[in-house]
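Data block below; observations after.
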Amino acid sequence: MSNPYFTNDPYFGDSESARKERQKLGLTPAGASAAPAGPYGSYQQPASGTSTLPPIPQAGAPAQMDALEHAYAAPAATAYETGRMTYDDVIMKTGILLGVIVLVGALAWVAPPGIQQMLMIVGLIGGLVLGLVNSFRKKVSVPLILGYAVFEGLFLGAISSWFEGQWSGIVMQAILGTLAVFATMLVLFRSGKVRNTPKFQRIVMLALVGYAVFALVNLVLVWTGVMGGWGMRSGGLGLLIGAAAVVLAAATLVIDFDSIQQGVRRGAPAQYSWAAAFGLAVTLVWMYLEILRILAILRGDN
């Protein structure tokens, strides 16, 4: 699901707490670009009647003159050079997280069946715990984010191996389906046809809460033996719920894309690219599992 870190973070989010934190930090309003700091600090509006030109160095100060000429001649600093988050940073960090998930998942995939079951449980619990910790943590922790990727790799590798054993080729179909939805939503967002308006975000967040409650209730019913198999996630009802979950995950991607865009515009520090990559990874993992379950139902799991 979407990373709650985006919502309340001063660089990514637009919640009330995020806006108050931006005021404390002196950040620009949403949608505005902060002026990059130059060699003499960030730009400030001069007082009325004062000159906007830099002070003229006095005679006998050649070093200051050379420094001033060099500053004027130098190209503008890039976001990377000023330690700010860029889209390339987010892409690279997302690739690293997904690479860790795939690598660890491959190891879990080839593990003996008995060990796979243990790895699935460990990965499920560890991924859930670190997912919540990273989502609500105030500061970005790269080790914890990488730890989340390791646990998710264990869980996804083990459960994907089980699904593949039941229905040959289903894992590749789920991967292709996930990539297709991701690419489609990215194109729609970049074209402006789908936007993250306040109303859109409220609807998605309410739907996420409803889905989380349903998933928890269904899990309890299955674990307590009240319902067998996948509980309410089986048959025609399971197919409808799975389809709704994929749509919800796709809508969550729009919020993730917009949050990343806002973070870049507001000049978020480079380390925040890990938080952005984490948010995307969480959504993609959720979407993959939902598509995997839909394909299982369509291929005969009632």
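For region 218-229, how many residues meet the condition of being surrounded by 15 or more Cβ atoms within 10 Å (Cβ to Cβ) and either touching an Asp or Glu at 6+ places or on another chain (Cβ under 8 Å) or part of a helix (DSSP H, G or I) (or both)?
So the answer is 2.
Take region 191-217 and flag every residue that is surrounded by 14 or more Cβ atoms within 10 Å (Cβ to Cβ) and in contact with a Phe, Trp or Tyr (Cβ under 8 Å, 6 or more places away or on another chain).
Asn196
Only one residue in Ala275, Ala243 is part of a helix (DSSP H, G or I) and surrounded by 18 or more Cβ atoms within 10 Å (Cβ to Cβ). Which one?
From the options Ala275, Ala243, the qualifying one is Ala275.
Among the residues of region 248-269, is there at least one that is outside any helix (DSSP H, G or I), in contact (Cβ under 8 Å) with a residue 60 or more places away in the chain, open to solvent by 20 Å² or more (accessible area, probe 1.4 Å) and within 23 Å of Asn134 (Cα to Cα)?
Within region 248-269 (the criterion being outside any helix (DSSP H, G or I), in contact (Cβ under 8 Å) with a residue 60 or more places away in the chain, open to solvent by 20 Å² or more (accessible area, probe 1.4 Å) and within 23 Å of Asn134 (Cα to Cα)), the answer is yes, since at least one residue qualifies.
Please go through region 135-186 and give me each residue that is outside any helix (DSSP H, G or I), in contact (Cβ under 8 Å) with a residue 40 or more places away in the chain and open to solvent by less than 70 Å² (accessible area, probe 1.4 Å), ordered by number.
Selection gives Val140, Trp167.
Pairs only if they're at least six apart or on different chains, beta carbon under 7 angstrom, first in region 97-110 and open to solvent by 40 Å² or more (accessible area, probe 1.4 Å), second of a type in the set (A, V, I, L, M, F, W, C); list them, first residue then second.
Leu98/Ala281
The values are calculated or read from the model by the stated rules, or taken from the named source; none is laboratory data. Just so it is clear, the model here is predicted, and its values are computed rather than measured. Neighbour counts are summed over all protein chains in view; Cβ atoms, including those assigned to glycine, are modelled from backbone coordinates with ideal geometry. Surface accessibility is based on the protein's heavy atoms, side chains included, excluding ligands, DNA and RNA. Shrake-Rupley method; radii C 1.70, N 1.55, O 1.52, S 1.80 Å.
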